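The next block holds one structure in the form of structure tokens; read it before the comments.
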Amino acid sequence: MALVGGNIARSPGPLVVDLVAIGSVKPRRVLTRAGARPGDELYVSGRLGAAAAGLASLRASRVDPMTARTPTCEARHLRPEPRLRLGLLLGRTRTARACLDLSDGLADGVRQIARASGVGAVIEADDLPIDPDARAWFDRHGGSALEAALSGGEDYELLFAVSPKNRRLLASVQRLLPNLPITRVGRVMNSPRIELRRDGRTGELPPGFAHFSGESR
């Protein structure tokens, strides 16, 4: 058991490695989970759900070695790529008001930003950039690619809030990272509710990943 990023985490394995990084940053470039305001737009980098599909693929191959695997998703699970340059650019240009990485899934990230900022949010399910290989895996083997994108975690993409007046700044950031998709997935609301809009219906956003159960919470 370990304290990771302010949260208590648990591993079933015989070894837990805890790392602490210490550094400094100029105050005007700091991006925290707080700072989102009603009317801001929520964006995510990259594609979602691949790490969850990769973990499912690895587990399935242990049960049945003949199971068709998804190497691209397995690589995303085993060797995630943190979006360091994007985070630096968002902070340096002051494009984003709030930001965090999606280690525990999009649903958890939205809740953390909303809680820290004292706001609500609505996520558009149809706009989520679900990884196509992840979608194909769940279509073949069962399960929900949408659920993986919302609650699977370990994608380590960035979720961030941007004021509509900063869309030009965001476009400039995107031009510096032409191979990294950035997708608007929702918006920040004044209401405290955290909602998911899907097929014209609005309901509560599903829970995120829970470390102690290893399941959505």
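Only the coordinates and a few stated rules stand behind these numbers; no lab work does. For clarity, every value in this text was computed on a predicted model and none was experimentally measured. Here the Cβ positions follow ideal geometry from the backbone for every residue, glycine too, while neighbour counts run over all protein chains shown.
Residue-wise test of (1) more than 30 Å from residue 63 (Cα to Cα); (2) assigned to a strand (DSSP E or B); (3) touching a Gly at 6+ places or on another chain (Cβ under 9 Å).
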residue	(1), (2), (3)
107	no, no, yes
110	yes, no, yes
113	yes, no, yes
116	yes, no, yes
140	no, no, no
143	no, no, no
Do we have any residue at all in the range 147-164 that's aromatic (Phe, Trp, Tyr), within 17 Å of residue 84 (Cα to Cα), part of a strand (DSSP E or B) and within 13 Å of the chain's Cα centre (by Cα)?
yes
Which residue is surrounded by the most Cβ atoms within 10 Å (Cβ to Cβ), if the candidates are limited to the range 133-174 and must be touching a Pro at 6+ places or on another chain (Cβ under 7 Å) and hydroxyl-bearing (Ser, Thr, Tyr)?
151
Can you work out which of the residues in the range 175-201 that are within 21 Å of residue 48 (Cβ to Cβ) and among the aliphatic types (A, V, I, L, M) is surrounded by the fewest Cβ atoms within 10 Å (Cβ to Cβ)?
177
Say whether the condition of being over 17 Å from residue 180 (Cα atoms), assigned to a loop (DSSP other than H, G, I, E, B) and small (Gly, Ala, Ser) is met by at least one residue in the range 81-98.
no
